[in-house]
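*Asks:* Let me give you the structure first, and then I'll get to my questions.
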Amino acid sequence: MGQRLWQNDQIGLDITRSQPRRITREVAGTNAQSLARAGRDTPLNRFGHHTTPTRPHPSYFTTPRLGDALLSVLYLAAAIVLEICGTTSLKLSQGFTRIGPTGAVVVCYAASFALLSLALRGIDLSIAYAVWSGVGTAIVAAIGILWFGEPAGAWKLLSLALIVLGVAGLHLSGRAS
């Protein structure tokens with residue numbers, strides 16, 4: 001790149017090209033008068049170069065505090081309770097023919113998903129979803145056996161025990177990591 005000889009604030013002469021050209025913002029400076037002459041006199045151009053870019057606070061990158069983790073666990077527990085209520089209401093709605101239980105299904109599942117999304121702020125997705133679905137499945141199966149009189153065979157009880165063990169194993173693996 002050749003040397004530039006500046007004749008005035010508007011036109012510059014590039015020695016290597018011998019072509020007149022407009023001065024860019026970087027060359028002309030950033031005062032309002034030179035920006036106005038260059039046709040770029042806007043408030044953003046006048047004052048935008050003085051601002052520093054915003055950066056996240058350093059605490060944004062740290063691990064969640066104990067209170068945040070406890071709150072996430074409480075959100076997850078509430079989400080599980082609402083999922084159990086929604087699934088039980090699904091059985092009580094008799095194929096969405098009863099309005100009360102049908103409304104409870106919609107409200108409980110919507111609130112359960114909302115609380116699950118809040119729990120994901122402090123708990124890993126794999127663990128939160130496994131606990132939410134596994135515990136919910138095990139308790140709903142127990143409600144089916146105890147309340148609705150569903151048969152409790154050996155395979156069903158063994159499968160429920162394996163679900164509980166799987167959820168416990170995921171929880172323990174999350175702590176070990």
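The values are calculated or read from the model by the stated rules, or taken from the named source; none is laboratory data. Because the structure is predicted, anything quoted here is derived from the model rather than measured. Note that we place each Cβ from the backbone using ideal geometry, even for glycine, and neighbour counts take in every protein chain shown.
*Asks:* Going by the structure shown, is residue 56 under 20 Å from residue 130 (Cβ atoms), in a loop (DSSP other than H, G, I, E, B) and at pLDDT 55 or above?
*Replies:* Taking the combined requirement at face value, the residue does not satisfy it.
*Asks:* Name the residue that is surrounded by the fewest Cβ atoms within 10 Å (Cβ to Cβ), counting only residues in the range 100-141 that are in a loop (DSSP other than H, G, I, E, B) and hydrophobic (A, V, I, L, M, F, W, C).
*Replies:* 120
*Asks:* Which of the residues spanning the range 87-130 are closer than 27 Å to residue 73 by Cα, over 19 Å from the mean Cα position of the chain (by Cα) and not hydroxyl-bearing (Ser, Thr, Tyr)?
*Replies:* Scanning the range 87-130 gives 90, 103, 104, 105, 106, 107, 108.
*Asks:* What tally of residues in the range 71-99 results from selecting those that are closer than 14 Å to residue 133 by Cα and loosely packed, with under 14 Cβ neighbours inside 10 Å?
*Replies:* Final tally of qualifying residues: 0.
*Asks:* Mind listing just one residue for me: the one in the range 142-171 that is exposed (fewer than 11 other Cβ atoms within 10 Å of the Cβ) and either of a type outside the set (A, V, I, L, M, F, W, C) or under 25 Å from the mean Cα position of the chain (by Cα) (or both) and, of those, modelled with the lowest pLDDT?
*Replies:* Per the stated criteria, the residue is 153.
*Asks:* Please go through the range 85-103 and pick out each residue that is within 16 Å of residue 148 (Cβ to Cβ) and without any contact (Cβ under 8 Å) to a residue 40 or more places away in the chain.
*Replies:* Matches in the range 85-103: 85, 86, 89, 90, 92, 93, 94, 95, 98, 101.
*Asks:* Still on this structure, I have one more. Please find, within the range 142-153, the residue that is nearest to residue 108 (Cα to Cα) out of those that are outside any loop (DSSP other than H, G, I, E, B) and of a type in the set (A, V, I, L, M).
*Replies:* Among those that are outside any loop (DSSP other than H, G, I, E, B) and of a type in the set (A, V, I, L, M), it is 143.
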